[in-house]
Amino acid sequence: MLRIFKLVNLLPTIHKIVLALLLSISLIIILLPSEEAQASRQTPESQLQTAESQLQPNTLYSVPLAFRTPEPPQKESLSSKEVDQKVQLVEPEAKTPQLQQGELFKVRSGDTLARLFKRSGLTSREVYEITQLSLAKKNLLKILPGEDIEIFKDLDNRFAKLRYIIDPINTLVISKEDDKYTQKLDKKQIETRTKFATSEIKTNFWNAAVDAGLTPNQIMQLAGLFTWDVDFALDIREGDSFALIFEQKYADGDFLENGNILAAEFINQGDRYTAVRYSNGQYYSETGRSMKKAFIRSPVDFTRVSSNFNPRRLHPVTGRVRPHNGVDYVAPVGTPIKATGRGKVIASSYNKYNGNYVFIKHNDTYTTKYLHLKRRKVRKGQSIKQGQIIGTLGSTGRVTGAHLHYEFIVNGVHRNPRTVKLPKSDSIHRKQKADFLKVSRVLMAQLEHNKQLHIARAPSLSSETANN
Ligand SMILES: [Zn+2]
């Protein structure tokens with residue numbers, strides 16, 4: 001049966017009706033005693049094997065004339081001369097099996113579509129006709145080196161079909177049948193799944209996140225969610241942990257890309273912080289408080305700070321732990337320094353102790369100070385936004401090594417920026433609150449459930465999320 005099917009594929013393109021007829025005839029042959037089937041063969045065995053060896057599974061081939069029964073439809077029957085030609089066409093296929101098989105043509109640098117088509121052996125008329133199609137105009141004229149265009153020809157070496165992968169979701173397909181062109185975009189089905197990941201921190205947050213299978217982009221996103229709550233540069237400790245649920249997009253079952261983080265939990269020195277994504281794209285704590293607060297915890301990006309854990313901060317000058325008005329961040333010279341809150345620059349200057357320094361007044365209560373900068377990027381009187389770069393880390397003033405000295409002042413008194421009580425952030429709008437809490441409860445329950453599963457089978461670091 002399989003053999004008959006394969007043989008069916010040998011011959012040149014014929015009208016569909018003929019194909020259908022021939023298929024049914026083939027079936028009859030199968031049902032007849034095998035002697036008759038053998039007798040109907042006209043092709044030498046050796047030629048058959050050559051032909052079969054180049055056939056590919058799952059490909060539609062035409063019925064070989066040699067295997068037709070004596071009653072093909074008159075109109076479509078070919079003269080014996082034509083038959084010879086067809087049989088001969090089979091031979092070169094053994095060396096270059098591109099007939100009826102798609103052949104990939106790679107776009108070379110400096111290639112134009114016309115040049116690539118020419119290389120593929122299309123006639124200038126075919127090139128012209130294809131480039132007149134609107135989807136071809138829109139997509140094929142923008143081909144880039146390294147991309148592939150797959151071209152299928154019929155056994156007469158005429159253009160039959162073209163496939164061009166525009167992006168992981170869309171494929172352009174142009175086909176020609178009976179001298180008529182059709183064009184379409186094949187769209188893959190996008191499916192969103194959720195995935196759970198968790199990890200406990202042993203050396204630093206980044207490594208733990210990598211262990212949990214997160215990408216650099218996801219690590220930054222996760223840290224970004226808690227940037228108002230956690231100082232990722234200085235306050236991460238061994239035993240801190242995090243867990244999150246995020247989206248993954250699949251195109252026809254193949255992984256495409258990671259999507260949004262839907263829910264996350266971060267436990268930092270015993271304090272638990274949560275973030276839940278709402279349909280407006282904003283994140284709120286599980287109880288519906290905005291993640292955004294008046295101050296971010298760290299003026300320096302955690303990826304730039306050299307030490308993993310720094311529980312005993314040595315003064316950069318004396319080398320001793322001593323009472324200290326601020327927090328020191330040791331990072332490479334030139335590291336960008338961010339304003340931790342919005343406000344107004346009340347000083348941007350230089351003296352021999354502070355080096356280059358910037359002071360920002362946020363309101364009547366809060367002021368922040370940034371010392372020893374290499375460069376200042378703001379001037380006195382300037383209004384600045386939260387997170388705006390105000391300068392770069394340096395070693396100006398009375399220091400021995402490059403670091404940022406950061407002070408957080410509340411009503412004129414120096415406070416520890418990590419432990420200081422700050423005003424509560426805004427709540428989600430009360431009209432959305434009930435709906436948000438519903439979403440939040442489901443996601444946080446899912447997170448908790450997956451954490452329990454994770455603890456139960458400790459070795460695996462992440463898994464598909466299980467729904468409760
Ligand atoms: Zn200091």
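The values are calculated or read from the model by the stated rules, or taken from the named source; none is laboratory data. All figures in this text were calculated on a predicted structure; none of them were measured in a lab. Note that each Cβ is placed from the backbone with ideal geometry, even for glycine, and that neighbours are counted across all protein chains shown.
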**Request:** Six or more apart or on different chains, Cβ under 6 Å: which pairs go from a residue in segment 271-287 that's over 11 Å from S440 (Cα atoms) to one that's part of a loop (DSSP other than H, G, I, E, B)? Could you list them?
**Result:** Y273/F226; Y273/D229
**Request:** Among the strands (runs of 3 or more DSSP E) lying completely within segment 324-410, list those that include at least 1 residues that are within 22 Å of G224 (Cβ to Cβ) and among the aliphatic types (A, V, I, L, M).
**Result:** 327-329, 336-338, 355-361, 389-393, 404-410
**Prompt:** What number of residues in segment 324-338 are under 7 Å from T392 (Cα atoms) and polar (S, T, N, Q)?
**Reply:** 1
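Rundown of residues vs (1) closer than 16 Å to K438 by Cα; (2) in contact with a Ser or Thr (Cβ under 7 Å, 6 or more places away or on another chain); (3) small (G, A, S); (4) in a loop (DSSP other than H, G, I, E, B), yes/no style:
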{"site": "V230", "(1), (2), (3), (4)": "no, no, no, yes"}
{"site": "F242", "(1), (2), (3), (4)": "no, yes, no, no"}
{"site": "I245", "(1), (2), (3), (4)": "no, yes, no, no"}
{"site": "Y250", "(1), (2), (3), (4)": "no, no, no, no"}
{"site": "F255", "(1), (2), (3), (4)": "no, no, no, no"}
{"site": "I261", "(1), (2), (3), (4)": "no, no, no, no"}
{"site": "I267", "(1), (2), (3), (4)": "no, yes, no, no"}
{"site": "N280", "(1), (2), (3), (4)": "yes, no, no, yes"}
{"site": "T287", "(1), (2), (3), (4)": "yes, no, no, yes"}
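Looking at K438, is it farther than 27 Å from F302 by Cα, assigned to a loop (DSSP other than H, G, I, E, B), at pLDDT 95 or above and not small (G, A, S)?
Values: farther than 27 Å from F302 by Cα: yes; assigned to a loop (DSSP other than H, G, I, E, B): no; at pLDDT 95 or above: yes; not small (G, A, S): yes.
Considered against the rule, which asks whether it is farther than 27 Å from F302 by Cα, assigned to a loop (DSSP other than H, G, I, E, B), at pLDDT 95 or above and not small (G, A, S), K438 comes out as no.
What tally of residues in segment 178-192 results from selecting those that are in a strand (DSSP E or B) and of a type in the set (D, E, K, R)?
Looking only at segment 178-192, we keep the residues that are in a strand (DSSP E or B), and these are 180-187, 190-192.
With the extra rule that they be of a type in the set (D, E, K, R), the set shrinks to 180, 184, 186-187, 191.
Summing the residues that are in a strand (DSSP E or B) and of a type in the set (D, E, K, R) in segment 178-192 gives 5.
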**Request:** For residues that are surrounded by 15 or more Cβ atoms within 10 Å (Cβ to Cβ) and either β-branched (V, I, T) or modelled with pLDDT under 85 (or both), scanning just segment 315-332, find the one that is farthest from the ligand (Cβ to nearest atom).
**Result:** V330
**Message:** Condition (residue is within 16 Å of the ligand (Cβ to nearest atom), among the aromatic types (F, W, Y) and modelled with pLDDT of 95 or more) applied to segment 360-367: is it met by at least one residue?
**Reply:** no
**Request:** Give the residues of segment 198-207 that are out of contact with any helix residue (DSSP H, G or I) (no Cβ under 8 Å at 6 or more places or on another chain) and either modelled with pLDDT of 95 or more or of a type in the set (S, T, Y) (or both), sorted by residue number.
**Result:** T203
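Please determine whether any residue of segment 142-152 is out of contact with any Asp or Glu (no Cβ under 8 Å at 6 or more places or on another chain), outside the structural domain of A251 (by TED's automatic domain parsing), part of a helix (DSSP H, G or I) and at pLDDT below 90. Give the steps one after another, and end with the answer.
Going through segment 142-152, the residues out of contact with any Asp or Glu (no Cβ under 8 Å at 6 or more places or on another chain) turn out to be 142, 144, 146-149.
Remaining after also requiring outside the structural domain of A251 (by TED's automatic domain parsing): 142, 144, 146-149.
Add one more test, that the residue is part of a helix (DSSP H, G or I), and what stays is 142.
So of that shortlist, the ones also at pLDDT below 90 come out as 142.
Yes.
More than 30 Å from A339 (Cα to Cα) and modelled with pLDDT under 95: is that true of L256 in this structure? If you could, list the steps in order and put the result at the bottom.
Numbers: more than 30 Å from A339 (Cα to Cα): yes; modelled with pLDDT under 95: yes.
Against the criterion (more than 30 Å from A339 (Cα to Cα) and modelled with pLDDT under 95), L256 qualifies.
Could you tell me whether any residue of segment 415-435 is of a type in the set (S, T, N, Q), surrounded by fewer than 11 Cβ atoms within 10 Å (Cβ to Cβ) and either modelled with pLDDT under 95 or at positive phi (or both)?
Step one: of segment 415-435, the residues of a type in the set (S, T, N, Q) are 416, 419, 425, 427, 432.
Then keep just the ones that are surrounded by fewer than 11 Cβ atoms within 10 Å (Cβ to Cβ); that gives 416, 419.
Add one more test, that the residue is either modelled with pLDDT under 95 or at positive phi (or both), and what stays is 416, 419.
Checked against the condition, which is being of a type in the set (S, T, N, Q), surrounded by fewer than 11 Cβ atoms within 10 Å (Cβ to Cβ) and either modelled with pLDDT under 95 or at positive phi (or both), segment 415-435 yields at least one hit.
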